[in-house]
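A short write-up of the structure that comes next.
The values are calculated or read from the model by the stated rules, or taken from the named source; none is laboratory data. Computed from a predicted structure; not experimentally measured. As a convention, Cβ positions derive from the backbone with ideal geometry for all residues, glycine included, and neighbour counts pool all protein chains shown. The area values use the complete protein model at the heavy-atom level, side chains included, leaving out ligands, DNA and RNA. Shrake-Rupley method; radii C 1.70, N 1.55, O 1.52, S 1.80 Å.
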Amino acid sequence: MRGGRYRDAAELIRAALAALDASNGAGDGAGAGSGDGEAPPSRDEGFRLALEEGLRGQSDPLAAMACAAELLGSRLGAARAGYWELDDGAGTLRMAWNWTSGHAAGPGGEAQFREAFSQEHAARLRAGRMLVAGGDDAGTGGAMPGAWASVVAPLLEAGALKGVLCVQSAPPRPWSPAEVALVRHAAERSWETAGRLRVEAALRESEERHRVLFEAAPFSVIIIDPVTHAVLDVNAFACAAYGHPREAFLGMNIADLDVLGEADAIRARGRAGAIRPGVQEFEARHRTADGTIRDVLVRVQGVRLGGRDVTYGAHFDITARKAAEAALRASEARLRLAVEGARLSTWEFDLRRGTGSRAGPLQAALPHVPGQDFPLSRWLDAIHPEERAAVESRFWGVVQDATPRFEAEFRVRRSDGQWAWISSFGAVVERDGTSGLPTRVAGVAQDITDRRAAEERRALLMREVDHRAKNALAVVQATLRLTQASDLESFRAEVEGRVAAIARAQTLLADESWSGADLHALLEGGLAPFLGGEKHRARLEGPRVTLPPGAAQPFAMAVHELATNATKHGALSTCGGEVRVAWRLGDDPRDTLHLRWTEAGGPALPGPPVRRGFGSRVLEGTVRHQLGGTVTLHWEGTGLICEIELPLSRTTDKSNVRAEGG
């Protein structure tokens, strides 16, 4: 023994046995006195003292049983003393510890409880009563197999039998009441001590597991006082995450970390995050040692330890997650803006459930398919029969991984009964984690009816341009062939003037996307080269009329020939002459244009020309033959009058009439 402590359990037991031997020797000389007037302790008292001393120093339940068994066996001169633990469910006894005197072999392993003890003896043990057998009365049922003198003490917990302490001796012998009492005392004290040591060992193991988990947790654990918010303990992860050593942490308050910095505000946030009594979960912003602000998810739970309330807080750094969420929200906002700006609608099909959903402008414009939970067949039925099979084939091509993208243009009926052209694009966006098969297809769709109409108009326009260009070239060829002049310079001027008239008509048509040409603009442009800047010499009067595309070029040629004739022989050949052009529409604006060309102030005309010139042939060819109209020439003495009637297939609103003068 060193410093009042034993090196190990064996030394402790030897000391207890020595004390027991001393008490036994004192018992042998009973009545001799101790020399100081005090009676020495009895053998039983010495045993109890030795037992208490032996049990006091134990930390292991089996060591406590071993100490008690050896002390008890030695005191009673028994052959063996052992502890058996009962598995009541299995009906077996398992030897926990067995002491022998060295010359008697003790049974080990397991035994059946109902074979070791009769039903009557088992009932007595369960009632907490002792079993005593002298060995020569083995017919009493015995207290373990063999012709042994036995004392069996029940080991109880909360009134239930959990095992027995069996002391046996051979050859047979009687057991005194004092010896039976010692066995009961040793059983009760050792079993109580073993139970306490088990609890203490379990507590130590629990504390060790807690400490290991506490330190090994892959997140910060901070324990605080729920009243003062003072930090009571932290794990290593928290020290690394926050940059504070443990000693510094233990001198801090949670408000030193939380950017709220105020206890009442921190409590209010925690109460708002209550998910059940005693448990709260909320997001906070904490400051590290270097001043960095981190987002943390905090889950706290109050517990009572060692007679005081404490709060355990698990702190998960979610800074990266919050940044990712913010980036995702920004990306979704940009995508939503792009989708809305492009007037796109979205759609998706859940292939597991076999249903689809859609959202966006097309949901209201095309109501034949609901917005949610519609089967694929419902979507296909809404598609025009001419495109339905191709669309279905392309969709299943994506689902079966035959093609990476779904692309199709098809018609769907609008609420007004008209067909709308839809352009749709999609792809697989989710797959099964095990099989890799598609589970969700999503995409966008857009109404392209206007685009398709524009494309058709553009194609029509191109055909019209091609047709008009060919016509213009034909007219130019005819002009070159039929133009007559006395010299080359005059020929050049004649040809250039007629080609320029064709070009001006082309320009007017191009400005109106080949939808027609304004009559006033065509007349004004056709007369301008002949007026020399004196616009007042030409008066234009009539309502707004749009000539059909097919009439613009021929009519421009007719005006050019009238103006050429007026410049050479008529009103525009003198300084004071003028031309008045007036027009009106018939009762049906789509029917007939009536135009009157009147010249005045020019040379007096003796009558119609002797021979028919190129200009007259152009008037006749364009108005009568090409446009299906009529042209009438009156050669008055005051000047030429030309009346033209032209059937129109397209004009502007007749009510939009304005009188225009030169």
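A protection proxy built from the mean count of other Cβ atoms within 10 Å ranks the segments 302-313, 410-421, most packed first, as 410-421, 302-313.
For L155, the amide hydrogen comes within under 5 Å of the amide hydrogens of K162, G163, V164, L165, counting only partners 5 or more places away or on other chains and with H modelled in the peptide plane. Modelled label positions at E643 and A201, each set 7 Å beyond Cα in the direction of Cβ, lie 13.3 nm from each other.
Which residues does a label at E110 reach in the range 81-100, if reach means a backbone N under 19 Å from a point 7 Å past the Cα toward the Cβ? The answer is 83-98. Whole-Hz Karplus values for the range 226-241 come out as x, 8, 8, 6, 5, 6, 9, 6, 9, 9, 5, 4, 5, 4, 6, 5 Hz, taken residue by residue from phi with 6.51 cos²θ - 1.76 cosθ + 1.60 and θ = phi - 60°; glycine and proline positions read x. How fast does the range 511-577 diffuse by Stokes-Einstein, in µm²/s, taking the Kirkwood radius from C-alpha pairs at 20 °C and 1.002 mPa s? Reported coefficient: 168 µm²/s.
The listed peptides 552-564, 451-463, 521-533, ordered by packing as a protection proxy, come out as 552-564, 521-533, 451-463 (highest mean of other Cβ atoms within 10 Å first).
Rounded to the nearest whole Hz, the Karplus-based 3J(HN,Hα) values (6.51 cos²θ - 1.76 cosθ + 1.60, θ = phi - 60°) of the range 518-526 follow the sequence 6, 4, 4, 5, 5, 5, 5, x, x, with x at glycine and proline. Given their separation in residues at 0.36 nm each and the Cα-Cα distance between them, R440 and A230 gain 70.4 nm when the chain is fully extended.
What the Cβ-Cβ distance of T355 and R271 gives, at R0 = 45 Å and to the nearest 0.05, is a FRET efficiency of 0.60. In terms of the mean number of neighbouring beta-carbon atoms within 10 Å, the peptides 615-625, 247-257, 164-174 order highest first as 164-174, 615-625, 247-257. Classify the range 47-98 as rounded, prolate or oblate, taking a ≥ b ≥ c as the square roots of the eigenvalues of its Cα gyration tensor: rounded when a/c is under 1.5, otherwise prolate if a/b is larger than b/c and oblate if not. It comes out oblate by the Cα gyration axes. Extension gain for D373-S176 works out to 62.0 nm (0.36 nm per residue, less the C-alpha to C-alpha distance).
Within straight-line reach of K322, meaning a Cα separation under 14 Å, sit the following aspartates and glutamates at least 8 residues removed in sequence or on another chain: E283, D295. Classify the range 538-584: rounded, prolate or oblate, from the alpha-carbon gyration tensor (a ≥ b ≥ c, eigenvalue square roots; a/c under 1.5 rounded; otherwise prolate if a/b is larger than b/c)? Oblate, since a/c reaches 1.5 and b/c is not below a/b. Within straight-line reach of K535, meaning a Cα separation under 20 Å, sit the following aspartates and glutamates at least 8 residues removed in sequence or on another chain: D518, E524, E561, E578, E599, E660.
Below 8 Å between Cα atoms, with a sequence gap of 6+, how large is the relative contact order for the range 249-351 in percent? List each step's numbers first, then the result.
Values: 103 pairs, mean separation 15.5, N = 103.
That works out to 15 percent.
Taking 8 Å as the Cα distance limit and 6 or more residues as the minimum spacing, I'd like the relative contact order of the range 594-651 as a percentage. Reported as a whole number, the value is 48 percent. Take every pair of alpha-carbon atoms less than 8 Å apart whose residues are at least six positions apart; their mean separation over the length of the range 369-448 yields a relative contact order of 21 percent.
Near I318, the amide H atoms lying under 5 Å from its own belong to D295, V296, L297; only residues 5 or more places off or on other chains count, and H is placed 1.01 Å from N. Close amide H contacts of M252 (hydrogens built in the peptide plane, cut-off under 5 Å, sequence separation of 5 or more or a different chain): V231. Remark: the range 253-356 carries 61 Å² of accessible area per residue (probe radius 1.4 Å; ligands, DNA and RNA excluded).
Overall shape: prolate for the range 152-265, with the ratio a/c of the largest to smallest alpha carbon gyration tensor axis at 1.5 or above and a/b above b/c.
Projected label points at E85 and A342, each 7 Å from Cα along the beta carbon direction, are separated by 7.2 nanometres. Per-atom-type breakdown for the range 155-301 gives carbon and sulfur 59% of the accessible area (1.4 Å probe, protein chains only). Subtracting the Cα-Cα distance of D256 and S118 from 0.36 nm times their residue separation leaves 42.6 nm of extension gain.
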